[in-house]
Amino acid sequence: MKVLQDLLELQSVDLRLNDVRTRLAAFPKKVAEVDARVAAAKTDLEQSKASQLATIKDRKKYELDVEQWKERVRKYKDQTSQIKTNEAYKALQHEVEMAEAEIAKAEDRLLEQMVAAEEYDRRVKASDKLLKEVEIVAAGQRAKIDAEKAQAEQEIAQLDAERSRVVALISENLLDHYDRISKKHHHVVLAEVRDEKCSACGMRVRPHVFQEMRRTNTEEMFHCETCTRILYYVEPTAAAAAAAARHPNSAPNDA
Ligand SMILES: [Zn+2]
């Protein structure tokens, strides 16, 4: 039946359109994933730089601490000449020892900071290198996504044109009917009858309906009683029947 052939062609176009649209819909997520990887590498570099900066500030503070304690020791020593009593001398000596202990502590901290600074310098360099690598990979991935997107859009334009051509062959009523089933069953409107069953939902076709379907001159359209899809039947060709007879487990599948 000619109308069934037109409907099958329409379904084939719609299924391909659906595939391409599904592909197209996945692109924003892919782009977001690429952007997220670059953003993560940037955050990593910023954190490394912030740690490096904090270490430099700490180092300056400890350097200043060392200087201040040294200054205090110099002052104490200057006061020694004015000391009159043994007690006062001992007290001053104690202050000097305390200050020298503070110098030692500040110098230890300073050394720790200098070791840490080397580590942070290494981290900044590593993060910077990683970011550059991630950006190169991301640029390649974005270009690939853009090319795939352009390809998909071109396919959609071609399929839309093909759809317009096929739709023009089908009556408005039948098209409405097709669209209703299409919405319900995700673009699979027609189902081939195989082994006297609806190949989409597996429901058995009543024997008299099957007999009707096989009449070559029928103009009637048959629907699956369960899933409401439009049914069609392809008589197996002599070759396919022979092949099926030779390989009983591989039924002919050329719809
Ligand atoms: Zn069915």
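Only aspartates and glutamates eight or more places from residue 129 in sequence, or on another chain, were considered; those with a Cα closer than 19 Å are 35, 44, 46, 118, 119, 121. In the chain, the longest principal axis of the Cα atoms and the axis of helix 2-25 are about 0 degrees apart.
Length gain on complete extension for the stretch residue 153 to residue 35, per 0.36 nm per residue less the alpha carbon to alpha carbon distance? Intermediate values should be presented prior to the final figure.
Numbers: separation 118, 0.36 × 118 = 42.48 nm, distance 2.23 nm.
So the chain would gain 40.2 nm between residue 153 and residue 35.
Taking the inverse of the average 1/r across all pairs of different Cα atoms in the range 1-140, what Kirkwood radius in Å do you get?
Numbers: mean 1/r = 0.0464 Å⁻¹.
After inverting the mean inverse Cα-Cα distance, the result is 21.6 Å.
Take the chain with all the other protein chains still there, run a 1.4 Å probe, and you get 67 Å² of accessible area per residue.
When exposed loop sites are taken as trypsin sites (Lys or Arg not before Pro) in a DSSP loop with at most 10 other Cβ atoms within 10 Å, the longest stretch of the chain clear of them is 85-214.
Against the chain, whose longest principal axis comes from its Cα atoms, helix 86-167 is set at around 20 degrees.
Taking GluC sites (Glu not before Pro) across the range 181-242, the ones in a DSSP loop with at most 11 further Cβ atoms lying within 10 angstrom of their Cβ are 219, 220. Local charge for residue 212 was computed over the other residues whose Cβ lies under 13 Å away, with Lys and Arg +1 and Asp and Glu -1, and equals 0. Which percent of the accessible heavy-atom area of the range 37-134 goes to carbon and sulfur, probe 1.4 angstrom? Reported share for carbon and sulfur atoms: 54 percent.
The values are calculated or read from the model by the stated rules, or taken from the named source; none is laboratory data. It should be emphasised that the depicted structure is a prediction, and the values quoted were computed from it without experimental measurement. Note that we place each Cβ from the backbone using ideal geometry, even for glycine, and neighbour counts take in every protein chain shown. Protein only, heavy atoms only, side chains kept; ligands, DNA and RNA dropped before computing areas. Shrake-Rupley method; radii C 1.70, N 1.55, O 1.52, S 1.80 Å.
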